[in-house]
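Each reported figure results from applying straightforward, stated rules to the coordinates on display, with no laboratory input. Not measured: the values here are computed from a predicted model. Glycine also receives a Cβ, built like all others from the backbone with ideal geometry; neighbour counts cover every protein chain displayed.
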Amino acid sequence: MNNFAKIKHINSFNLVEYYSVCLEEDEDVSLFEQFVAKHTKENKEKLNHILSWIKWIGNKYTAKADYFRNEAETADTSALPPNNPNWEPNYIEWNNETQTGETNNLRLYTFRANDHVVFLFNGDVKTADTAQNCPNVKSHFKMANTLTRVLEQCFRNHDIKWNEEQTDIELEDDLELNW
Amino acid sequence: MKKNSIISDWLAQNGDPEIDQFVEKNLAITEKVRNKLILKGWNNGDLAKAMGKSPSEVSKWLSGMHNLTLKSIIKMERALETELIHCEPIKEFEYVFLGMIHGADDFNKKKADYTASSEMSEYSLAM
């Protein structure tokens, strides 16, 4: 079965351009917008931390690999929040009774094309040790890896081109991602 | 391609400024520590040794799992020989604009007339 998707611009910050993709069946609503709509209702604070993180790295630091966690399975997929020892998620669910904290278990799957261009997909609350074993995030993790692979191919085919400074991408508005 | 501002709009409508500021400061402090470690050619273990702490404790400090205290930030400042938090100098005085004095135009005109007349006058000295 053939699947189609289109690229949609999400946000420009000083140093990073964020994009997402709209699956054929969802028309103009991108995967990232679905993620935001769902977790605005269910996990607003955790979502706030991730969106603020996206904003601040976009405005001040660029999208360095250190700011993301590796979620590569079949392609170079990553996710937020990060898990590098120096960069654990900066959202804490602190329990006053036990005096222990849990990191942000909300996952947003991404493809970091370079330090200046990032694709934001979908995600959910991770409840198992691995994404493959988590009923909530497994489908988002798989889809993110598939889309990353398709996007990487588009870069190789020059269907998606870099601008001169490699700070943004150039593509035809009607470009369809197929897999 | 149409440009959007979906994240900025969400933060403007739904964002908690306290969370946003927490993320900003947390990133700023950790970024400074990270850059200083790179400059010194250190890893987390070296930083732990310089502070007399265990590597796991330092990892916890830098992990976001730990709500950093001022004391632990100062320990890192001393070990890294840098300032992670800057204190503003105390101001001894500050010039403040208090507004225009009513009738200042008249005063300025008289001042200008006097200056002009004194520049044009020639005085002879009595010997």
GluC sites (Glu not before Pro) within the range A:1-85, DSSP loop, no more than 13 other Cβ atoms inside 10 Å: A:27
Any idea what angle helix B:17-40 forms with the longest principal axis of chain B, computed on alpha-carbon atoms, 0 to 90 degrees, nearest 10? 80
If one compares the long axis through the Cα atoms of helix A:31-42 with the longest principal axis of the Cα atoms of chain A, the angle in degrees, nearest 10, works out at 20
Starting from the Cα of residue B:32, draw a straight line to each of the lysines and keep only those under 26 Å, dropping any in the same chain fewer than 8 residues away. A:46, A:55, A:60, A:64, B:40, B:49, B:53, B:60, B:71, B:75
Rounded, prolate or oblate, given the Cα gyration tensor of chain A, with a/c below 1.5 counting as rounded? prolate
Within the under-12-Å Cβ sphere about residue A:161, not counting residue A:161, Lys/Arg +1 and Asp/Glu -1 give a net charge of -4
Output the Cα-based Rg and Dmax of chain B in Å, rounding Rg to one decimal and Dmax to a whole number. 30.3, 95
Farthest towards the positive end of the dipole of chain B, among B:28, B:76, B:42 and with Cβ unit charges of +1 on Lys and Arg and -1 on Asp and Glu, lies the Cα of B:42
If you line up the long axis of helix A:44-56 against the longest principal axis of chain A, both from Cα atoms, how many degrees apart are they, to the nearest 10? 50
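Could you tally the net charge around residue B:33, taking each other residue with its Cβ under 11 Å from the Cβ of residue B:33, Lys/Arg +1 and Asp/Glu -1? Present the calculation step by step, with values, prior to reporting the outcome.
Working: positive: B:32, B:34, B:36, B:40; negative: B:31, B:77.
Cβ neighbours under 11 Å give a net charge of +2.
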Counting each DSSP H run of 4 or more residues in the protein assembly as shown as -39500 (n - 2.57), what helix-only mean residue ellipticity at 222 nm follows after dividing by all residues, to the nearest 500 deg cm²/dmol? -12500 deg cm²/dmol
On the principal axes of its Cα set, how long, how wide and how thick is the protein assembly as shown? Give whole Å, largest value first. 114, 58, 38
Calc'd 3J(HN,Hα), the range B:102-110, phi into Karplus 6.51 cos²θ - 1.76 cosθ + 1.60 (θ = phi - 60°), Hz, glycine/Pro = x, comes to 4, x, 5, 4, 4, 4, 5, 5, 4
Charge dipole of the protein assembly as shown built from unit charges on the beta carbon (Lys, Arg +1; Asp, Glu -1), centred at mean Cα; most positive-end Cα among B:100, B:52, B:11 is B:52
Just flag the GluC sites (Glu not before Pro) in the range A:96-179 sitting in loop per DSSP whose Cβ has no more than 14 other Cβ atoms within 10 Å. A:97, A:164, A:165, A:172, A:176
